[in-house]
Amino acid sequence: MGAPLNRINLRSHAKIALAYFVLAAIFGVVLRSFASVPISVNYKFIVHTHSHIALLGWVYLSITTLLYKLYLDNLDLDKGYRKIFWFTQFTLGGMLLTFPFMGYALFSIVFSTLFLFASYWFVWFFIKNVPTSLKKSNAYHCVKFALWYMVLSSLGPWALGAIMNTLGAQSVWYRLAIYFYLHFLYNGWMILALVGILLRVFEIRGVGLSRTLFQNFFWSINLGIVLSFFLSTLFAHPPLIFNVLGGIGALLQLIAFGILLQAFGILGKKVSVFFTTFQKRILKTVIVVLIVKMLLQLLTAFPYFANLAATILDFTIGYLHWTFLGVVTLSLFLFLDYLKLLQISPKTYFLYLFGFFLTEILIFYKGIAAWHSFAVFESYNEILWAGSFLIPLSLGILLGTNRKRKV
């Protein structure tokens, strides 16, 4: 009876990830408060804290927990994984204790760097221990490439130190390093890992994509991810060929997900029975939000819209939040609920969704106002704050209800 008690409780890991999301969302509300009330904290420091805890606390921990659950859970690897997990918590805790008070400085950089090593440790541990029988599966190919995209994205943070010491933070290369990191983190690591998780769920239930369909999807999505990075360089007004290459990349990603939707259509009822009615609603919402994300990305291949995206900050913030709070987070809700790591209450989910869509509408509205040179309505900041507050409120309720769960 002793051995099971020593097993890793992945539900507790999912709750810890959700707790980071609550904290990140609270920092987001603090950022919204700056427009209405005087706050004696450094705005940029809170921005850094908000983004790091959201991306590395909520998303990274959720995805790695899901990967462990789907690939390694029954292989007696808990002792090794526990070391990685708690070392990762040490780095995240360090970021929480340093970023709000000093921004990018010695200790926050040390903890951020240690997190990179923790993520490399996980990549090595995961690839080393996945059973050979699974390494030829479609799902594993997606997950493996996603992990390598995460490693690739880390070249951005590594380059920042050298760029700041030589060219300075105002250099175009500084911004390129940040965009390189974000592009391969969002489009490579996060989205491709989520696709891999979905395909793994199908494979466990005995349903897989045909080899031809998968190969078409796989090479379209990966070539698209690489080429669409050129869209992140357009703020620097490079030659037109960068627009063309980036546009081809965005189009290839659209085609890839079209292939995936075609596969869902072919599989039909075989996969629809996997999910509850509520989970299918989440999946349908993810598909819609993902298509909008891909279309917005394609739009920025055109010089006029590329210039808008580069000059109007609200469009950039709106797009990043659409991807993170929409595509990525809703997908995580689906898989965490499906695998019973978290219980997503429909009422709480719809409260979150309302806050998400309300804030996105308001952020893009302000961007459109700047684009067409008209003033936003008088109570804009207060309504945006209220919409933003709904997100940590819904997440806090979700965390509270899951903390009370015994099973």
Verdict on Thr323 being touching a residue at least 40 places away in the same chain (Cβ under 8 Å), closer than 28 Å to Val244 by Cβ, hydroxyl-bearing (Ser, Thr, Tyr) and assigned to a helix (DSSP H, G or I): yes
Qualifying residue in the stretch 386-401 (condition: part of a helix (DSSP H, G or I) and more than 25 Å from Leu61 (Cβ to Cβ)): yes
Pick from the stretch 294-307, criterion assigned to a helix (DSSP H, G or I) and of a type in the set (A, V, I, L, M, F, W, C), ranking: surrounded by the most Cβ atoms within 10 Å (Cβ to Cβ): Met294
Residue match in the stretch 138-145 (condition: over 24 Å from Leu252 (Cα atoms) and among the aromatic types (Phe, Trp, Tyr)): no
Sole exception among (1) touching a residue at least 40 places away in the same chain (Cβ under 8 Å); (2) among the aliphatic types (A, V, I, L, M); (3) surrounded by fewer than 19 Cβ atoms within 10 Å (Cβ to Cβ) for Leu167, by number: (1)
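Quick check on the stretch 67-88. Is at least one of its residues among the hydrophobic types (A, V, I, L, M, F, W, C) and under 29 Å from Ala386 (Cβ atoms)?
First, the residues of the stretch 67-88 that are among the hydrophobic types (A, V, I, L, M, F, W, C): 67, 70, 72, 75, 77, 84-87.
Going one step further and asking which of them are under 29 Å from Ala386 (Cβ atoms), we end up with none.
Within the stretch 67-88, not a single residue is among the hydrophobic types (A, V, I, L, M, F, W, C) and under 29 Å from Ala386 (Cβ atoms).
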Helices (runs of 4 or more DSSP H) fully within the stretch 187-293 counting 1 or more residues that are of a type in the set (Asp, Glu): 191-204
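Quick grid of which residues meet (1) of a type in the set (A, V, I, L, M, F, W, C); (2) under 23 Å from the mean Cα position of the chain (by Cα):
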position: Val172; (1), (2): yes, no
position: His183; (1), (2): no, yes
position: Met190; (1), (2): yes, yes
position: Ala193; (1), (2): yes, yes
position: Thr212; (1), (2): no, no
position: Asn216; (1), (2): no, no
position: Ser220; (1), (2): no, yes
position: Gly224; (1), (2): no, yes
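Read-outs: derived from the displayed coordinates by stated rules, not from any lab. Computed from a predicted structure; not experimentally measured. Neighbour counts are summed over all protein chains in view; Cβ atoms, including those assigned to glycine, are modelled from backbone coordinates with ideal geometry.
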